[in-house]
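The values are calculated or read from the model by the stated rules, or taken from the named source; none is laboratory data. Computed from a predicted structure; not experimentally measured. Heads up, the Cβs are rebuilt from the backbone with ideal geometry, glycines too, and the neighbour counts pull from every protein chain shown. Just the protein is used for accessible areas: all its heavy atoms, side chains included, with ligands, DNA and RNA removed. Shrake-Rupley method; radii C 1.70, N 1.55, O 1.52, S 1.80 Å.
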Amino acid sequence: MNQLHLQDKFKQKLSPADFLQIHPPGKQMDHVTSEKDVAHTFLHRLIMLDYGARYIAVRPDSPEVTTESDNTEIDYSDLEDFLKTTADTNEKEKARVHPMDVQMAVFHCSDSFLKQMMITKLSQCQYALPLLVPDPVTEEIQFPLWTFREITKTWKVTQIKDNSKIIIKKSVPVYKAETPLVSFFRLGSLSVSKSQLMNTLINNRHDTFFHRNCPGSTKSRYLMDGVAEIAWYCPAGKPNDAFNDCIAFCNLHGDALSNKKQCDILIEKSSINVFLLASLQSNEKSGSLISSLFQSDKPLICLTVNDSCDAVKIKNGNYIMGLKDKNHSDVCEDLKMIIREVLSSLDGSSLKPSFQLETMAELSGIKVDETDPACQRGKSAAMEIIDLLKKDNMDVSKIKDEFLPCQGQLWHQWSKIHREMFQLRGNIEMEKSRKEQKLMKIRQKQCAASCSELMKLFTGSLSLMREKQTGREYFLKWTRIFVDVLSTDDLSSVFQSYDEKWSEVLALKNKRDKADLLLKTQTELKDISKKLQSVTFGLEHIFREMGQIYEAHKTTQRESRHSDWSKYPELAAQLMISGHPMELMDGDAGHVPLTWISSLLEEVIRKLGDQRVFVLSVLGLQSSGKSTMLNTMFGLQFAVSAGRCTKGAFMQLLKVSEEMKKDLKFDYVLVVDTEGLCALELEGNNLHHDNELATFVVGLGNLTLINIFGENPSEMQDILQIVVQAFVRMKGVKLSPSCVFVHQNVTDVAAAEKNMDGKRHLQEKLDQMTKLGAKEEVCDAGCFSDVIEFDVQKDVKYCAQLWEGNPPMAPPNPGYSESIQEVKNTILSKASESAGITLSQFKTKIHDLWTALLTKSFIFSFKNTLEISVYRKLEVSYGNWTWTLRSNMLTIKNQLHNRIENGKLDEVEQSYLFRETSKKYEEVRKEMTKYFEDDKDREILIQWRGRFEIKIKEFHDEQVNKVKRKLDGVIQQKKACKNLDEKKSEFENKLLQKSKELAQQLKAKDEEELQRQFNSVWSGWVTELTADIKPVEDINLEQDQLTILQELGFELPLTDESKRSGRYKKISEVGDYSGYMKTGGNLLVDSYNKYKARGAFSHEEQEQIRSLIDQAEKESRVAIKKKHVAATGYTQKCLHEMANRVTEKVQKFLLERKYTLNKEFKVDLLLYVFYRTESWILESHKKFKMSNDPITYLESKKTQFYTVFRSLCKENSSAVVLGELVCERLKVFTLEAVYNKTAIDLAGKMRCNFPAFNGTRQDLEKHVLKSLAKKEKGKKEGNFEDFITYITNPRRQTEAFIKAEVEKYIFRDQKDEAVEILKKNADDIKITVSQALFSATQKVQNQRGNTDMWLKECSNVLKDELKFDNICSENFSDIKDFHFLKEEIEKGFTSITEQMSSLSLDKLNESRQRPEEILIDQLCNCCWVTCPFCAAVCTNTMKDHNHSPDDHSTPFHRPDGIIGSHYVQTKVLSISLHPSSEKYIPYKQYKTAGPPYDTWRITPDGTKLAYWKWFVCQFQTKLENHYGFMFQGNIWKDISKEEAIKSLDEMF
């Protein structure tokens, strides 16, 4: 043990988990460099079915170590040197570990499950297995019965029936096999190898028993003496079989006299005992033993080494034969004849003993491994299940119907109806509703049937053993063992019947006159196929039932007193994590239980975390050795036992070892093994099934292993056709898995020329199949490499045949193991270049692929949720990056705006803005780079990196240009006010002088009198100062609008009527524009009648008119904003130009149409455009008046000058008066600065924290729709008008939503937080002002400056933070004590800051840019293109986006009746939930219709439209009135508002 470094593992055993991991690929499998690696290498090679695992040499790789050749001549000077060298050689020989000691050391250091795996693999390698094993410490004899439980032996027996020979195939679990036992013993030390003799007897080509002449054998061995090994001879049903039935052969290693206990047990259990000894007189003890055996009735064969006599029969069953001077071959032939003769003489005799492994457990004096308490608990629990199944001697074919009712007919019916849901015809919604009801009824029936005793026992045992992994493993193993035994006999007989009937069908197909008989035979074959399905019963069916019980209860949300179904995914997840295969696709129903699989994987994620996995899919024809290859490659235990081929698709997790994690970017390999393609049982529906299965697993896999068996061209063609089409589909949906072809069972793997020719032939076939597949899938591909990255030289592997000779006695071919190792290395090499996918992404991929496969057009229907999810995350990050740039730009814009207002800036250079924003822009770019390079989904993100980097640059440049334009407008406005600005100082000087004069007259008056006196003279002062200046007049927009309409020829009564009714305000939301159709004048009557007959305007024409209105309004708003009304003032010309532009647009529109619109339409449209621009014009003119009207300006200064006047009346000093004047200015401008800053901060706070604003455009859409559903106006119908606004103009409704939410957030929900932000900004301004006062005072004192210097310095410090008008210093030139001035201002400013601490949020509306405006700019700067079918808005966060997957898209489309679409030639509104059009193009080929259809990505939406169904139901009458059409029938009445809102959460 120490030599092999296993001393720690004798108590702390090795387990399968230590070896069933992804380890580094073996470089030197034939030898190791150190003895510490021997044990692990032995096990790894054994798992890979390499029978050379026994012969592992230890050869150090160090170049310093050299070994002399055996043939090298050495000059020995004397005999003493020679003897010394020989002694050293013997010592080295002793130091080497015997190969069988390695095997037994590993056996002793393994837990029961690894022992079982090891013995199963030894059996597959046709090696003898340990039967009786002495404990190396206690010397207690152990019988490892458990290790034999998974071994099945298969052989063929020839029988005579009706004078003809028939061959019967038997397949029996080895522990149940009843066979004769022939045991071999050795007495004393002999020159002849007993084990070698037995090998020649059983299998002349293979060393079943290790012997002294095997490679690596040494004279010393420590763990094999006393071990009894057993092997079975299994005949092939051929004439040259050594024996005509199965026989067990046992070999007791060591001297039988030294291992008396084992010897006695074997003698008792054997049918024939064979003893090898020197001679019959060689030893007293051996002579005594032989003598006693001769006396017994048990047949005995004595082989004497030192005698040369021929075989002599002493008495019945007793023989003596000498071995001296005889070759093994002759001896073995004689032995075979004797054994056959003895056994035939025992046939029918009461003396004929029959050996069965299980009966060994009944012997006393030996320890059976299955007595372990955990094993017994697992066995007892499994026995309860088997006893239940065996109760009443129920036929195996009825077990599933009786005990697993949910997965039988009910599940098959559900699967069939569910498939039909994706192929609806006729009245789709009614049909869908009926099928949904049927599906629900089936689920309810499953719930009712789900409390079977079997499932209660099984899940109960799993739950009890949840925390005890060993007990759970025993329970599952025992259950599988017992269940396999239960169904094996029935399966064998059904398979035999199937083979016979299939042969009959093939024979009849060649006889044209036997058509009727062929039909009858084919029917019988189908019946046998059904029987085959019913008798196939394994552990996977119990897990399948768990899945169905879970799905049924989850769907119906029903509680069950009988089963805790909600725990099922957790139980299954524990098993999957521990390495058990889980069914992914039910092969019987041909369906994926998505709900169950999703919940199972969610539980795995909960337990492991969202680990990355590399998905390896395997495809191949039925019985092509796929599962055997995976078992050999990774040690995986897929369902290859009990005569069953893998049915469906199974997934199994395989952990990546710690040493491999440095080379691989994932934590697990997830292997998906599939039902064999072209399965005979599925004939009839196999092509569709095969294509579906292949597409599914190819889509799931990061790498697909395509297994081709043999060199049959037709079989190869079958699989290539299926596989290539699957890869063509992957190209169509932009998935790009890689592939490796494994060509198994090739006769000459080393023949390079033949392989090159084979590869060329394969390449040609692949290219040919690609062209066919591309044509069928409407995909552009001319050769296989167009579809997938494929190198025929590297990606095609040839594997030797599995068996070295003919089964059942043939061992695995060593070349097979080597070939599989090479394939494994190729897989790992390709895997090292991939990051795999996360488990959650794998879960999503399953859903996407299966949902798309259920429809007939896979490429049309496939929706890559994983890619979409990654893109949505990118959109969120993009929103954060743009907000960072925008908020930085808002701050810069605010500062520069203040500078312009303070006269410190008269030109904004674009280069300056770029410099100011460069730091933040670089930060965002670095963050972007980090995101694209470090994110776990970087492989997917790479496709969009360049585009998003360009978009961010464009956004940044756009922000710079936009701010420049706005600031240029401010500068323009400032220049326009230059005349007034120049007069301001003059006004203020004169007002100050007049205040001084009046103050001298009114000294010591009380406050009330001062106020009255000041008011009495103020108006006069203003009139006097502005006598020669023309004031800015107020405007009357309403009168101007009427005047313009009259000038355009519209009668006053027509305009008045439209104004009075207010209908023009809703012209963009009108449901039916037929009321605006002109019915007189020059319009031909027959043309009018034509339109009237078909319900006036068609839906398409309605939408064209609506688009005209929206474009006219949008263009008018853009044009008026270019006028800079705030700088230049309003003139009637603004409206004239607007009206002319709209009129021209309408005329141009009508020239291209066959109808015309009446005057009412033109009046309503012009009034609507005026209405939409009115508020902006009034606001702009107000700003113009404030900036340019001296009277308005002077009135705004009244309070300030009253303060100065009052101070003068109190005879205050100039410093006090100036201080009060400054404070009055600060009072106005600090408040303005606080509100401007607070507006930006609140917008930022909501952008980061408010759920509707901090996600993607899609998230915003969800919240808009939710708010529409929740909002009520006290009417039963709710807010129909808002819905119509949303449907016709989604952006307008979204802006309204943002305004409403901002108001609610600031003034109600988060008012306290908003007030805190306001207070903080007030405190910041206070500090800024204090710093400005200190800085100005310090500078004046240091430089002996004057009042003018003090005022300029103070203004300069505050220039970026707030507006600070110049104060004329002439009247305050006498101020000398600036420290006193500072204190006076601080004293006055303290009262201002106290008022600021209780500021009202109401004045936020007076801020330069309100929070909602900032957020609208950020959130509505996205895509607003609407679906050409149903007008649902695109939910992409970026405007001007293109290319898939950022084609225009929306999470779901809606019934097109919502936008007024109706069935052609009827007045019935449409309720279609799939895209439909008046253009006669199949909707699945909508992209072929050209723009705008080809810019959209539209996938089927299934049943996920509850929201819009609820809307139609809730507002049915309103919609009918609005559009002037009717819905047919009482539709969707059972959907509640809660369900509608819930559907939004589920969809988004």
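Given 4 °C and 1.567 mPa s, compute D for the stretch 203-316 with the Stokes-Einstein relation, Rh being the Kirkwood radius over Cα pairs; round to the nearest whole µm²/s.
79
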Working from Cα positions, state the angle (0 to 90°, nearest 10) between the long axis of helix 1132-1151 and the longest principal axis of the chain. 50
Which value in Å does the Kirkwood hydrodynamic radius of the stretch 1417-1466 take, with 1/r averaged over all unlike C-alpha pairs and then inverted? 12.2
What is the helix-to-structure angle for 469-509, meaning the angle in degrees between its Cα long axis and the longest Cα principal axis of the chain, kept from 0 to 90 and rounded to the nearest 10? 80
Taking the alpha-carbon centroid of each part, what is the distance from the stretch 281-319 to the stretch 1198-1213 in angstrom? 141
In terms of modelled amide H atoms, which long-range or inter-chain residues lie less than 5 Å from the amide H of Leu621? Leu677, Phe709
How much accessible surface does Thr865 have with a 1.4 Å probe, in Å² rounded to 10? 50
For 1332-1342, 103-113, ranked highest to lowest by mean beta-carbon neighbours within 10 Å, the order is 103-113, 1332-1342
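Would you calculate, for the chain, the mean residue ellipticity at 222 nm contributed by helices, counting each DSSP H stretch of 4 or more residues as -39,500 (n - 2.57) and dividing by all residues, to the nearest 500? Walk me through the numbers before you get to the answer.
Details: 51 runs with 832 residues, N = 1548.
After summing the helix terms and dividing by residue count, I get -18000 deg cm²/dmol.
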Along the Cα-to-C-beta direction of Ser503, a point sits 7 Å from the Cα; which residues of the stretch 159-197 have their amide N less than 19 Å from that point? 159-171
Charges at C-beta only: +1 for Lys and Arg, -1 for Asp and Glu. How large is the resulting dipole of the chain about its Cα centre, in Debye rounded to 20? 4220
List the residues whose amide H sits under 5 Å from the amide H of Val274, counting only those 5 or more places along or on another chain, with H placed 1.01 Å from N in the peptide plane. Ser183, Phe184, Phe185, Ile301
Compare the peptides 759-771, 430-442, 888-900 by average per-residue count of other Cβ atoms within 10 angstrom and give them in order, highest first. 888-900, 759-771, 430-442
Find the centroid of the Cα atoms in the stretch 1009-1070 and in the stretch 1296-1317, then give the distance between the two in whole Å. 33
Report Glu602's accessible area, 1.4 Å probe, all protein chains in place, as a number in Å² to the nearest 10. 90
Below 14 Å, Cα to Cα, which aspartates and glutamates can Lys219 reach? Residues fewer than 8 away in the same chain don't count. Glu91, Glu93, Asp101
Entries of Lys1271/Lys1304; Lys1066/Lys1162; Lys665/Lys731; Lys1114/Lys1518 with Cα pairs more than 19 Å apart: Lys665/Lys731; Lys1114/Lys1518
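Report the antiparallel proportion of the DSSP beta bridges in the chain as a percent, rounded to a multiple of 5.
Here the antiparallel bridges make up roughly 45 percent for the chain.
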How many nm is it between the label spots at Glu1281 and Gln1000, if each spot is 7 Å from the Cα in line with the beta carbon? 6.4
Extension gain (nm, one decimal) between Lys260 and Thr1466, 0.36 nm per residue minus Cα-Cα: 424.1 nm
Go through Lys432/Lys554; Lys655/Lys845; Lys438/Lys554; Lys1245/Lys1311 and tell me which ones have a Cα-Cα distance over 19 Å in this structure. Lys432/Lys554; Lys655/Lys845
Taking 0.36 nm per residue of separation and subtracting the Cα-Cα distance, what length does fully extending Asp786 through Glu1383 add? 206.7 nm
Could you list the square roots of 5 times each eigenvalue of the Cα gyration tensor of the stretch 1359-1411, that is, the equivalent ellipsoid semi-axes, sorted largest first and rounded to whole Å? 30, 17, 8
For a 32 Å ceiling on Cα separation, which of these pairs sit above it: Lys36/Lys824; Lys951/Lys1299; Lys930/Lys1363; Lys734/Lys794? Lys930/Lys1363
Round to the nearest 0.05 the FRET efficiency obtained for Glu178 and Glu1539 when R0 = 51 Å and r is the Cβ-Cβ distance. 0.20
So, R0 is 45 Å and r is the distance between the beta-carbons of Leu1151 and Lys953; what FRET efficiency does that work out to, to 0.05? 0.60
Working from the pairwise distances between different alpha carbons, so that the mean of 1/r is found and then inverted, what is the chain's Kirkwood radius in Å? 41.1
Rank these by accessible area, largest first, 1.4 Å probe: Ser380, Ser534, Ser258. Ser258, Ser380, Ser534
In degrees, nearest ten, helix 865-901 long axis to first principal axis of the chain (Cα): 30
Can you give the local net charge around Lys156? Use residues other than it whose beta-carbon is closer than 13 angstrom to its beta-carbon, Lys and Arg +1, Asp and Glu -1. +3
Carbon and sulfur %, accessible surface of the chain computed with the full protein complex present, 1.4 Å: 48
Once both label points are put 7 Å beyond Cα along the C-beta direction, the Ala361-Asp387 separation in nm becomes 1.5
Stretched out fully, how many nm does the piece from Val157 to Thr595 gain, at 0.36 nm a residue minus the Cα gap? 152.8 nm
Proximal lysines relative to Lys530, as straight alpha-carbon distance under 17 Å, when same-chain residues fewer than 8 apart are discounted: Lys398, Lys400, Lys501, Lys520, Lys647
Keeping every protein chain present and rolling a 1.4 Å probe, give me the accessible area per residue for the chain in Å². 45
Taking only protein heavy atoms and a 1.4 Å probe, the highest-to-lowest accessible-area order of Glu1539, Glu1033 is Glu1033, Glu1539
Roughly how much of Asp780 is accessible, in Å² to the nearest 10, using a 1.4 Å probe? 140
Val876 versus Arg419, label points 7 Å from Cα toward the beta carbon: distance in nm? 3.9
Keeping to pairs on different chains or 8 or more places apart, tell me how many lysine pairs in the stretch 271-389 have Cα atoms under 30 Å apart. 28
If I take R0 = 25 Å and measure r between the Cβ atoms of Glu524 and Lys398 in this structure, what FRET efficiency does the formula 1/(1 + (r/R0)^6) give, to the nearest 0.05? 0.75
